[in-house]
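One structure is given below, encoded as structure tokens.
The values are calculated or read from the model by the stated rules, or taken from the named source; none is laboratory data. Model, not experiment: these values are computed from the prediction. In this analysis, Cβ positions are derived from the backbone assuming ideal geometry, glycine residues included, and neighbour counts consider all displayed protein chains.
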Ligand SMILES: [Zn+2]
């Protein structure tokens, strides 16, 4: 594989014929190796896949990444190695694919259909040591306040997003697709929801640390 | 039994400062920052806003760590062509 300067990469990828084909091939190969390394070394969630399956996955991702790089060549500003910039694009392609696959069947309706996710009362589960009556009363009181806050302070959309991301641990990308928005807008929505809730609890004299301690074993 | 509530409270606690950097600005700069980090720069010292965002945004963190992991593998020669021996 030829080592190219940034300018050479740009010129070769914009060239015609063999010159371009060779550059595309080199880039694809490089991204493929990087993605395969990441998938095989860093993704414990993929450890059930065979080497061949991972290689296929990396090939497909590298192929898509090269197309994405070519579409965006004009936006490369020369502020890093060209290949680092291409790796950034490839990582985005790869991770978005993995997230889509993981949450393929995810729907916000399913998440919230299981009804009230907060326990109805502070009754201890069988086998656990019951909290003292004072503590149980305190927990029940704060639970009510949390329930009220979720209903009063947040919009429906904010609640759905906060519940999916914060409680269920669903990826922001998957929730964004489900809400018909993008990651950045969702991030802002979550930020507003958290800030409003936090302010509300603080106004009620409930600090985050106090509430965490109250509900942790 | 209070797992959901604990998750919720932890999530609310993750608010960071107003005006902090967002996901899109992060994504647009990751290649520069990853190169700096891979060459040993202390991001916490030079880019505290970015580090603050990575701490509260698991999505950006996952992507940044992936870029960094590939760059480091590349630096260590782990992505070089295997010797053709067959
Ligand atoms: Zn982010």
**Report entry** Hits in the stretch B:56-75 - residues which are within 13 Å of the ligand (Cβ to nearest atom) and within 14 Å of residue B:32 (Cα to Cα)
**Finding:** B:63, B:64, B:65
Report summary line: Checked pairs for the stretch B:20-43, first more than 11 Å from residue A:88 (Cβ to Cβ), second near the ligand (Cβ under 10 Å from one of its atoms) and in a loop (DSSP other than H, G, I, E, B), C-beta under 9 Å and 6 or more apart or across chains, list as B:22/B:57; B:23/B:57
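Residues are listed down the side, and each one gets a yes or a no for (1) within 15 Å of the ligand (Cβ to nearest atom); (2) surrounded by fewer than 18 Cβ atoms within 10 Å (Cβ to Cβ):
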| position | (1), (2) |
| --- | --- |
| A:156 | no, yes |
| A:168 | no, yes |
| A:186 | yes, no |
| A:193 | no, no |
| A:202 | no, yes |
Requested in this report: Tell me, yes or no, whether the stretch A:17-24 has at least one residue that is in contact (Cβ under 8 Å) with a residue 40 or more places away in the chain and surrounded by fewer than 20 Cβ atoms within 10 Å (Cβ to Cβ).
Outcome: yes
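Residues are listed down the side, and each one gets a yes or a no for (1) surrounded by 13 or more Cβ atoms within 10 Å (Cβ to Cβ); (2) out of contact with any helix residue (DSSP H, G or I) (no Cβ under 6 Å at 6 or more places or on another chain):
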{"site": "A:45", "(1), (2)": "no, yes"}
{"site": "A:72", "(1), (2)": "no, yes"}
{"site": "A:81", "(1), (2)": "yes, yes"}
{"site": "A:85", "(1), (2)": "yes, no"}
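Give the number of residues within the stretch A:43-74 that are farther than 30 Å from residue A:11 by Cβ and not in a helix (DSSP H, G or I). Walk me through it before giving the result.
First, the residues of the stretch A:43-74 that are farther than 30 Å from residue A:11 by Cβ: A:43-57.
So of that shortlist, the ones also not in a helix (DSSP H, G or I) come out as A:43, A:47-50.
Adding up the residues that qualify gives 5.
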Query raised in the report: Does at least one position in the stretch B:8-28 carry a residue that is modelled with pLDDT of 80 or more, within 16 Å of the ligand (Cβ to nearest atom) and not in a helix (DSSP H, G or I)?
Result: no
